[in-house]
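Undergrad: Below is one structure. I have some questions about it.
The values are calculated or read from the model by the stated rules, or taken from the named source; none is laboratory data. What you see is a predicted model; the values in this text were computed from it and never measured. Here the Cβ is made from the backbone with ideal geometry for all residues, glycine too, and neighbour counts use every protein chain on show. Just the protein is used for accessible areas: all its heavy atoms, side chains included, with ligands, DNA and RNA removed. Shrake-Rupley method; radii C 1.70, N 1.55, O 1.52, S 1.80 Å.
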Amino acid sequence: MSKQSLSEFQQNLAQKLIQARSSVSLSQWLAFSAGKRHFLIPLSEVGEVVPISHITTIPMTHAWFSGLANIRGAVVAVTDLHTLMQDSMGQTPAYLGPNSPNARLLSLGGEYANLRAALKVDQVFGLRQPKDWIPSQELAFCHRYSVDAEQTRWHELNVNAVLTQSAFFDIQEY
């Protein structure tokens, strides 16, 4: 390789690095429902999505704490997202009946993986790419939403807001 071609290679590499830094990366969002609401969660915050096989209930805990589940050999604490949101908004949690066949556990991943926690949701719809975000305080733990072509309102679930709620780690009901 001559010095000229090495110089060209370095220039091309530098240009590609600059382009990579300046390009907007599109993040992926996992779409799901809890109750009658639709949500989006950054895919980077989800460890995995698994069907609900068995949840061991724990007595004397809040209604939103479903219990413990075994996900690939790891025991995780399961929170029913719909019931937690009702409780945090001062509503009496409504019993939705047994889990539907579409219900899933979303184990938390990324920076939250060490918590060994999962959210129980009613249905998972797959990946979405929201277009425009609209600020909102309509729902607990959601600070913005996006509307898709079918006019479905998809609320961004702020996992950090869920986890920093004072009651989240205090599962015992008094």
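Undergrad: Just the residues that are closer than 14 Å to TRP64 by Cβ and not in a loop (DSSP other than H, G, I, E, B), please, taken from the range 128-174.
TA: Taking the range 128-174 first, the residues closer than 14 Å to TRP64 by Cβ are 140-141, 162-163, 165-173.
Hits for the range 128-174 are VAL162, LEU163, GLN172.
Undergrad: OK, next. Would you confirm whether or not the range 166-174 contains a residue that is closer than 30 Å to MET60 by Cβ, buried (at least 18 other Cβ atoms within 10 Å of the Cβ) and of a type in the set (A, V, I, L, M)? Show your work before the answer.
TA: First, the residues of the range 166-174 that are closer than 30 Å to MET60 by Cβ: 166-174.
When the remaining residues are screened for being buried (at least 18 other Cβ atoms within 10 Å of the Cβ), the result is 168.
Remaining after also requiring of a type in the set (A, V, I, L, M): none.
No: the range 166-174 contains no residue that is closer than 30 Å to MET60 by Cβ, buried (at least 18 other Cβ atoms within 10 Å of the Cβ) and of a type in the set (A, V, I, L, M).
Undergrad: Could I ask something else about it? Here is a list: SER2, SER53. Which entry is modelled with pLDDT of 70 or more, of a type in the set (Ser, Thr, Tyr), open to solvent by 60 Å² or more (accessible area, probe 1.4 Å) and over 25 Å from PHE141 (Cα atoms)?
TA: Working: SER2 fails: modelled with pLDDT of 70 or more.
Within the list SER2, SER53, the selection yields SER53.
Undergrad: What's the number of the only condition in (1) open to solvent by 70 Å² or more (accessible area, probe 1.4 Å); (2) in a loop (DSSP other than H, G, I, E, B) that ASN114 fails to meet?
TA: (2)
Conditions (1) open to solvent by 60 Å² or more (accessible area, probe 1.4 Å); (2) modelled with pLDDT of 95 or more; (3) farther than 19 Å from ARG144 by Cβ, marked per residue:
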{"residue": "ILE41", "(1), (2), (3)": "no, yes, no"}
{"residue": "VAL46", "(1), (2), (3)": "no, yes, no"}
{"residue": "HIS82", "(1), (2), (3)": "no, no, yes"}
{"residue": "SER107", "(1), (2), (3)": "no, yes, yes"}
{"residue": "GLY126", "(1), (2), (3)": "no, no, yes"}
